[in-house]
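Starting off with a structure, shown below.
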Amino acid sequence: MRWTPWKPWWRQAGTKESGGKAGRGHLKVQLASRQCSALPAAATRLLSSPFPSPQRMRARPGPLWPIGEEFSLLTWQHRLFTSLWGKIKVGGLGLLQCIQEVLKTWSHWSIQIVDVIPFLRFFPNPGLRRLKQAIEKRDHIVEKQLRQHKESLVAGQWRDMMDYMLQVVAQPSMEEGSGQLLEGHVHMAAVDLLIGGTETTANTLSWAVVFLLHHPEIQQRLQEELDHQLGPGASSSRVPYKDRARLPLLNATIAEVLRLRPVVPLALPHRTTRPSSISGYDIPEGTVIIPNLQGAHLDEMVWERPHEFWPDRFLEPGKTSRALAFGCGARVCLGEPLARLELFVVLTRLLQAFTLLPPGDALPSLQPLPHCSVILKMQPFQVRLQPRGLGAHSLSQSQ
């Protein structure tokens, strides 16, 4: 967002000055109430269908899967369904390639150094030029979708999140001290949901698979929990997300993956609005603060055995997740409710149908890629999917 024309009012959105109502903080609360309870039917079917799909399995020449690519495609399709399109239209994959180019360029050292030494943006920088070109292309596609949604908008009805946000824009603000929600907010909220939720969710799913490959005993317990709740081989059964408390170990496993491998280890930069202090250190007004989320997750003063993959820590009576993988406060990640839904549903479907096995004797590395910058990525790996149960057997027979 730092390279967009929305900066002045976008920074104000959700802050005390705007009453915290018109911007991302208030918008997130409204979207959260819709994201997990009123998903478009096509999106619900997408997440509830077998993963990987029988068509994708038939297309694979062998038993090994680059599972990260499958997660990227699935989360991308789901974000298109729920957030912007209502259904995937021509050009959707073009936008995916554009978003991937933005993320790839953004992670390059020539861009990251501008955050550390801001005045370097005034010097020739091919990486910065490529990033701006990719962002212009992205904005053109999103603006086209905005126009199409406005032209077909029906009052009181919404096909996806963009429809819902545009209806809020059309409503005059009645609350004292609240600002007006603008189309620019809708534009950048759509970008947040796409960029902030596609590769990041796919990476978290990949980290979950890697940890389960290293801890087959946890995977076995998860499958036993699913079999107990749904019945063995019940590939067509599912636990609704609103009933996720029925699968406490799965929820604890997701929390532990987010704690150990927050996909974005450093939160977005913030600027102090008044003098403050943290642990005795004075912080002047106007200081840029970058929260170290991963550091907080590995703090020995907060977590017992912090470097160990131990989902049971969240199963102890009275224990709740104190992880900050999605940030906190008014600028908490806009897509958190949708990301948590995707993590829960996809892992449920995957572990119902398959046992995850390493491709050979060697396990994938638990060390992230060096110099991966914004997103904490794992090293490339493949996984062997062994069908389990009657439902998975019928799926394998369709190949």
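The values are calculated or read from the model by the stated rules, or taken from the named source; none is laboratory data. The structure presented is a predicted model; accordingly, all values stated were derived computationally and were not measured. Cβ atoms come from the backbone with ideal geometry, glycine included; neighbour counts cover every protein chain shown.
Please verify whether residue 349 is on the phi < 0 side of the Ramachandran plot, modelled with pLDDT of 85 or more, crowded, with 18+ Cβ neighbours inside 10 Å and not in a loop (DSSP other than H, G, I, E, B), treating the condition exactly as stated.
The answer is yes for residue 349.
Looking only at the range 238-291, count every residue that is within 17 Å of the chain's Cα centre (by Cα) and at pLDDT 90 or above and tell me the total.
Number of matching residues: 10.
For the range 70-122, how many residues meet the condition of being at pLDDT below 70, of a type in the set (Val, Ile, Thr) and out of contact with any Pro (no Cβ under 8 Å at 6 or more places or on another chain)?
Count: 2.
Yes/no matrix, rows are residues, columns are (1) out of contact with any helix residue (DSSP H, G or I) (no Cβ under 6 Å at 6 or more places or on another chain); (2) crowded, with 24+ Cβ neighbours inside 10 Å; (3) under 13 Å from residue 76 (Cα atoms):
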{"site": "185", "(1), (2), (3)": "yes, yes, no"}
{"site": "201", "(1), (2), (3)": "no, yes, yes"}
{"site": "206", "(1), (2), (3)": "no, yes, no"}
{"site": "213", "(1), (2), (3)": "yes, no, no"}
{"site": "220", "(1), (2), (3)": "yes, no, no"}
{"site": "223", "(1), (2), (3)": "no, no, no"}
{"site": "228", "(1), (2), (3)": "yes, no, no"}
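Taking the condition of being in a loop (DSSP other than H, G, I, E, B) and over 22 Å from residue 367 (Cα atoms), how many residues in the range 290-317 meet it?
6
Give 132, 150, 104 a once-over and let me know the one that is within 21 Å of the chain's Cα centre (by Cα), of a type outside the set (Val, Ile, Thr) and farther than 13 Å from residue 194 by Cβ.
Going through 132, 150, 104 in turn, the sole match is 104.
Find all pairs meeting these conditions: Cβ atoms under 7 angstrom apart; at least six residues apart or on different chains; first residue within the range 225-242 and farther than 13 Å from residue 351 by Cβ and of a type outside the set (Val, Ile, Thr); second residue in a helix (DSSP H, G or I) and modelled with pLDDT under 75.
Taking only residues 6 or more apart or on different chains, the pairs are 236/391.
State whether one or more residues within the range 315-332 are over 18 Å from the mean Cα position of the chain (by Cα), over 30 Å from residue 188 (Cα atoms), surrounded by 20 or more Cβ atoms within 10 Å (Cβ to Cβ) and touching a residue at least 40 places away in the same chain (Cβ under 8 Å).
No, every residue in the range 315-332 fails to be over 18 Å from the mean Cα position of the chain (by Cα), over 30 Å from residue 188 (Cα atoms), surrounded by 20 or more Cβ atoms within 10 Å (Cβ to Cβ) and touching a residue at least 40 places away in the same chain (Cβ under 8 Å).
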